[in-house]
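Participant: Got a structure for you, questions after.
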Amino acid sequence: MNSQSLKEKSLEEMIASAQKGDEITQNYLLKTYQPFIAKCVSEVCKRYIDPMKDDEFSIGLSAFNEAILSYSSERGSSFLSFAKLVVKRKVIDYIRYVQKTPVAASLDETYDEEQMENPTEIVAVKEIYQQEQEAWYRREEIADFKEKLKAYKLTLAELTEASPKHRDARDSAVLTARILFNDVNLREFVHRKKKLPIKELVKKVEVSKKTLERNRKYILAIFIVLSEDYVYLKDYLKGVGQ
C-alpha cells in the first residue's frame, strides 16, 4: 500500500488498520503526525523541540505509537485528543524522572543538593516540584474537559449552577452516570447524540424522569469524565456512586 492510497483513508480507518497489525499504516501515521507530536511535546517543555536532537521528542513519538495501539472510539473522544493527552503525560513522566524541565533546572541551579546542608530543604524543593507537575496535569485535564463539554453545549459555569446541592443527590447523579456509561447501547447513544436517553435510562435507575431532567447537565459532565483518560478528575469520583 502506497502513501497515496493511505491518504484516501480516514484517520479512524488508518488507526483500525494499525491496530490489526498493519505496520505500513502504523509507520505512515508515525511519520505524518510528527509535527503534531512535536507541538504537543513543545507545549510541555515550553521550548522548540528538534525531532532529530531532543530526547523528549522520542518519548512523544513512542507515546503516540502507544496511543495508536490503545485508542478506542468507544471513549467518545477523537483520536488526536486522546493522543495529545497520552503524549503529554508520557513526556511529563520522563521530565519528572530526569528533571530537565525549566522549573526543575532552576530548582537544581538554586538548590543543588551538594550545597544544601539541611536535608529538609532538599525534601521541600522536591515537594514543590512535585506539586507544580501535578498542578500542570490538572490544568491540562480541565482544559481538555472544557473542550469536551463544548460538544455537549455545556460550560463549567453551567455545571456550577447545575450541580446538585445535597450530597445524596450528587451521589445519586454519579451512580446514574456510571449506569449510563456501563451500558454499551446507552453509552453509544450519548456519544452519538450528545444528550441523555431519558426514556431508556429511567427504566434502569431508581430516580424519576423529573430528577433525570433536572440533573441532566451534571450527569452528562460525569459521563464525560468516565469516558475520558482523566487521572485527577476521576480521583474525585472514587467511591462515589458505587
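The values are calculated or read from the model by the stated rules, or taken from the named source; none is laboratory data. This is a predicted model, so every value here is computed, not measured. Positions of Cβ are generated from backbone atoms using ideal geometry, with glycine treated the same way; all protein chains shown enter the neighbour counts. The area values use the complete protein model at the heavy-atom level, side chains included, leaving out ligands, DNA and RNA. Shrake-Rupley method; radii C 1.70, N 1.55, O 1.52, S 1.80 Å.
Per-residue answers, yes or no, for (1) farther than 29 Å from ALA221 by Cβ; (2) modelled with pLDDT of 80 or more; (3) surrounded by 17 or more Cβ atoms within 10 Å (Cβ to Cβ):
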| site | (1), (2), (3) |
| --- | --- |
| CYS45 | yes, yes, yes |
| PHE57 | yes, yes, yes |
| GLU74 | no, no, no |
| VAL87 | no, yes, yes |
| ASP93 | no, yes, no |
| LYS100 | yes, no, no |
| ILE122 | yes, no, no |
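Participant: Here is a follow-up. Take the residues in region 14-43 that are of a type in the set (S, T, N, Q) and over 19 Å from ASP229 (Cβ atoms), then tell me which one is surrounded by the most Cβ atoms within 10 Å (Cβ to Cβ). Spell out how you get there, then give the answer.
Facilitator: We begin by selecting, within region 14-43, every residue of a type in the set (S, T, N, Q); these are 17, 19, 25-27, 32, 34, 42.
If we keep only those that are over 19 Å from ASP229 (Cβ atoms) too, we end up with 17, 25-27, 32, 34, 42.
Working: SER17: 19, THR25: 21, GLN26: 19, ASN27: 12, THR32: 14, GLN34: 15, SER42: 17.
Step by step, filter region 14-43, then rank; the result is THR25.
Participant: I need the full set of residues from region 199-221 which are part of a helix (DSSP H, G or I) and open to solvent by less than 30 Å² (accessible area, probe 1.4 Å), in order please.
Facilitator: LEU201, LEU212, ILE219, LEU220, ALA221
Participant: Being within 30 Å of TYR97 (Cβ to Cβ) and basic (Lys, Arg) is the filter here; which residues of region 1-57 pass it? It would help to see each step written out before you state the result.
Facilitator: The initial filter retains those residues of region 1-57 that are within 30 Å of TYR97 (Cβ to Cβ), namely 15, 18-19, 23, 26-27, 29-57.
Once the filter is applied, which keeps residues that are within 30 Å of TYR97 (Cβ to Cβ) and basic (Lys, Arg), region 1-57 yields LYS31, LYS39, LYS46, ARG47, LYS53.
Participant: Kindly indicate whether any position in region 232-241 is farther than 29 Å from VAL87 by Cα and more than 19 Å from the chain's Cα centre (by Cα).
Facilitator: Here is the first cut: in region 232-241, the ones farther than 29 Å from VAL87 by Cα are 240-241.
Applying the additional criterion that residues be more than 19 Å from the chain's Cα centre (by Cα) yields 240-241.
The answer is yes, given that some residue of region 232-241 is farther than 29 Å from VAL87 by Cα and more than 19 Å from the chain's Cα centre (by Cα).
Participant: Taking region 144-161 as the search range and keeping residues that are open to solvent by less than 70 Å² (accessible area, probe 1.4 Å), in a helix (DSSP H, G or I) and under 19 Å from LYS234 (Cα atoms), which one is modelled with the highest pLDDT?
Facilitator: This residue is LEU149.
Participant: Condition first: within 20 Å of the chain's Cα centre (by Cα) and closer than 23 Å to ALA135 by Cα. Now tell me which residues in region 41-63 satisfy that. Give the derivation first.
Facilitator: We begin by selecting, within region 41-63, every residue within 20 Å of the chain's Cα centre (by Cα); these are 41-46, 56-57, 59-63.
Matches in region 41-63: VAL41, SER42, GLU43, VAL44, CYS45, LYS46, GLU56, PHE57, ILE59, GLY60, ALA63.
Participant: Would you pick out the residues in region 185-209 that are aliphatic (A, V, I, L, M) and free of Cβ contacts under 8 Å to residues at least 40 places away in the same chain? Quick ask: steps written out before the conclusion?
Facilitator: Narrowing region 185-209 to residues aliphatic (A, V, I, L, M): 186, 190, 196, 198, 201-202, 205, 207.
If the condition is that a residue be aliphatic (A, V, I, L, M) and free of Cβ contacts under 8 Å to residues at least 40 places away in the same chain, then LEU186, LEU196, ILE198, LEU201, VAL202, VAL205, VAL207 are the ones that fit.
Participant: Give just the number: which of (1) closer than 11 Å to ILE224 by Cβ; (2) aliphatic (A, V, I, L, M); (3) open to solvent by 40 Å² or more (accessible area, probe 1.4 Å) does LEU175 not satisfy?
Facilitator: If we test LEU175 against (1) closer than 11 Å to ILE224 by Cβ; (2) aliphatic (A, V, I, L, M); (3) open to solvent by 40 Å² or more (accessible area, probe 1.4 Å), just (1) comes out false.
Participant: I'd like to know if region 222-232 contains one or more residues that are at pLDDT below 90, open to solvent by 60 Å² or more (accessible area, probe 1.4 Å) and among the aromatic types (Phe, Trp, Tyr).
Facilitator: Looking for residues that are at pLDDT below 90, open to solvent by 60 Å² or more (accessible area, probe 1.4 Å) and among the aromatic types (Phe, Trp, Tyr), one finds none in region 222-232, hence no.
Participant: I've got another one for you. In this structure, is LEU11 at pLDDT 85 or above, among the hydrophobic types (A, V, I, L, M, F, W, C) and surrounded by fewer than 15 Cβ atoms within 10 Å (Cβ to Cβ)?
Facilitator: Values: at pLDDT 85 or above: yes; among the hydrophobic types (A, V, I, L, M, F, W, C): yes; surrounded by fewer than 15 Cβ atoms within 10 Å (Cβ to Cβ): yes.
Here the answer is yes, as LEU11 does meet what is asked.
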